[in-house]
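A short worksheet on the structure shown next.
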Amino acid sequence: GYDYLEERYGALPANEQSLRNFINYLIRTDGLRLDHGARLYAKVPELAFGKQMQVDFGQYRCRGGLRLYIFAAVASASRYKYAAFQGQPFRTLDVIRLLLDTFDYFGGRPEELMIDQDRLMVVSENSGDIVWTKEFKQFIDEQEVSFWVCRRADPESKGKVENLVKFIKGSFLGTRDFE
């Protein structure tokens, strides 16, 4: 919704959360009535081995106060997982290094990477036209990997890796503390 409104009307006076809050207010006060028809979902066919890898990022604050930055990757067919942490925000070269480490760990690279519109890789996106950061564009050309770019925090597109980040934050890091 927010992306559509922004494309259609230009810069909006508030952020996406404000729009969500306003719509919820309208629904509560009967200023907006929604068709509550069920959204239809269908099982997506499994992808072939080596076809796709999903990548995502996260942040976690340890009990001791340290903020960890999380890199997570999942091979879509085999569900092999790779995660890495660092104590400072990722830079584009960090992401490239971690992707190469992931390819080494998995024993190859996938045909396609599914990522969100993270500023470390994507400068902008307009109706499917992706403008990459300079370093990441060089990496793409060198590796000959195709990309599927989706919205941030979109569990319907890249739910496998979203679940991995959730596991890392809740189960793995939730029982550990780092300094």
*Taking interchain pairs and intrachain pairs at least six residues apart, which have beta carbon atoms under 6 angstrom, with the first residue in the range 9-29 and touching a residue at least 12 places away in the same chain (Cβ under 8 Å) and the second surrounded by 11 or more Cβ atoms within 10 Å (Cβ to Cβ)?*
16/2; 19/2
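Here is a yes/no grid of residues against (1) open to solvent by 20 Å² or more (accessible area, probe 1.4 Å); (2) more than 14 Å from the chain's Cα centre (by Cα):
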residue: 62; (1), (2): no, yes
residue: 66; (1), (2): yes, yes
residue: 72; (1), (2): no, no
residue: 80; (1), (2): yes, yes
residue: 89; (1), (2): yes, yes
residue: 97; (1), (2): yes, yes
residue: 101; (1), (2): yes, yes
*Looking only at the range 18-34, decide whether some residue is modelled with pLDDT under 85, open to solvent by 30 Å² or more (accessible area, probe 1.4 Å) and either in contact with a strand residue (DSSP E or B) (Cβ under 7 Å, 6 or more places away or on another chain) or under 30 Å from residue 140 (Cβ atoms) (or both).*
no
*Looking only at the range 58-93, which residues are farther than 22 Å from residue 160 by Cα, among the charged types (D, E, K, R) and either free of Cβ contacts under 8 Å to residues at least 40 places away in the same chain or in contact with a strand residue (DSSP E or B) (Cβ under 6 Å, 6 or more places away or on another chain) (or both)?*
61, 67, 91
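The values are calculated or read from the model by the stated rules, or taken from the named source; none is laboratory data. Since this is a predicted model, take the numbers as computed values, not measurements. When we count neighbours, we look across all protein chains shown, and the Cβ atoms used for this are built from the backbone with ideal geometry, even at glycine. In case anyone asks, the SASA skips ligands and DNA or RNA and just uses the protein heavy atoms, side chains included. Shrake-Rupley method; radii C 1.70, N 1.55, O 1.52, S 1.80 Å.
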